[in-house]
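S.K.: I have a structure here, written as structure tokens, and I will follow up with some questions on it.
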Amino acid sequence: MTEIKKEAPEINQVPKNSKFRIILPENHTNGYLWQLNNDYDQKVIEQLNEVWHGNEKGIYFNLKALSAGQTTLTFVSRKYTDTAEIKFFIVKIADN
């Protein structure tokens, strides 16, 4: 599975029907957790799951490119209602 790392304004290109992941640092001792906002184009990308791999490795957001197009994934690190950080990843899906 491909890992994409470029944050906006850079663009990550992935082929249609491929699976990819975004890995974010997440240390549960401080109480802040990453969440993927639902404001991306869900006809273009499907969120498969998210798996936490411990304080050292962080959280893996596993996704699938469904169809050609472009959308922005917004990740928010929060603790209750307190937002600590926001990251944006622009994903462009190529029509192979």
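S.K.: Looking at the range 13-22 only, could you name the residues that are open to solvent by less than 50 Å² (accessible area, probe 1.4 Å) and closer than 24 Å to Arg78 by Cα? Lay out the reasoning, then the answer.
M.R.: Of the range 13-22, the ones open to solvent by less than 50 Å² (accessible area, probe 1.4 Å) are 14, 18, 20, 22.
Listed by number, the residues that qualify are Phe20, Ile22.
S.K.: Could you figure out which of (1) on the phi > 0 side of the Ramachandran plot; (2) free of Cβ contacts under 8 Å to residues at least 60 places away in the same chain isn't true of Asn17?
M.R.: Here Asn17 clears every test but (2).
S.K.: Which one of the conditions (1) part of a strand (DSSP E or B); (2) open to solvent by 70 Å² or more (accessible area, probe 1.4 Å); (3) of a type in the set (Val, Ile, Thr) does Thr29 fail to meet, given that it meets all the rest?
M.R.: All conditions pass for Thr29, except number (1).
S.K.: Here is a list of conditions, (1) without any contact (Cβ under 8 Å) to a residue 40 or more places away in the chain; (2) in contact with a Leu (Cβ under 9 Å, 6 or more places away or on another chain); (3) open to solvent by less than 60 Å² (accessible area, probe 1.4 Å), and Gly54 meets all of them except one; can you say which number that is?
M.R.: For Gly54, the failing item is (2).
Per-residue answers, yes or no, for (1) open to solvent by 30 Å² or more (accessible area, probe 1.4 Å); (2) in contact (Cβ under 8 Å) with a residue 40 or more places away in the chain:
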residue	(1), (2)
Trp34	no, yes
Asn37	yes, no
Gln47	yes, no
Lys64	yes, yes
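S.K.: Related question: Applying the selection to the range 32-65, what residues are assigned to a strand (DSSP E or B) and closer than 17 Å to Pro15 by Cα?
M.R.: Of everything in the range 32-65, those that are assigned to a strand (DSSP E or B) and closer than 17 Å to Pro15 by Cα turn out to be Ile45, Glu46, Gln47, Leu48, Asn62, Leu63, Lys64, Ala65.
S.K.: Can you say whether Lys5 is out of contact with any helix residue (DSSP H, G or I) (no Cβ under 7 Å at 6 or more places or on another chain) and open to solvent by 80 Å² or more (accessible area, probe 1.4 Å), as far as the supplied structure shows?
M.R.: Numbers: out of contact with any helix residue (DSSP H, G or I) (no Cβ under 7 Å at 6 or more places or on another chain): yes; open to solvent by 80 Å² or more (accessible area, probe 1.4 Å): yes.
The answer is yes for Lys5.
S.K.: Oh, and also: If you scan the range 27-38, which residues turn out to be touching a Leu at 6+ places or on another chain (Cβ under 9 Å) and either within 26 Å of Asp95 (Cβ to Cβ) or at pLDDT below 95 (or both)?
M.R.: Answer for the range 27-38, where residues must be touching a Leu at 6+ places or on another chain (Cβ under 9 Å) and either within 26 Å of Asp95 (Cβ to Cβ) or at pLDDT below 95 (or both): Leu36, Asn37.
S.K.: If a residue must be of a type outside the set (Lys, Arg), assigned to a strand (DSSP E or B) and open to solvent by 70 Å² or more (accessible area, probe 1.4 Å), how many such residues does the range 66-94 contain?
M.R.: Total meeting the criteria: 5.
The values are calculated or read from the model by the stated rules, or taken from the named source; none is laboratory data. Just so you know, these numbers come straight off a predicted model, no measurement behind them. Ideal geometry is used to build each Cβ from the backbone, glycine not excepted, and the neighbour counts take in all protein chains shown. Surface accessibility is based on the protein's heavy atoms, side chains included, excluding ligands, DNA and RNA. Shrake-Rupley method; radii C 1.70, N 1.55, O 1.52, S 1.80 Å.
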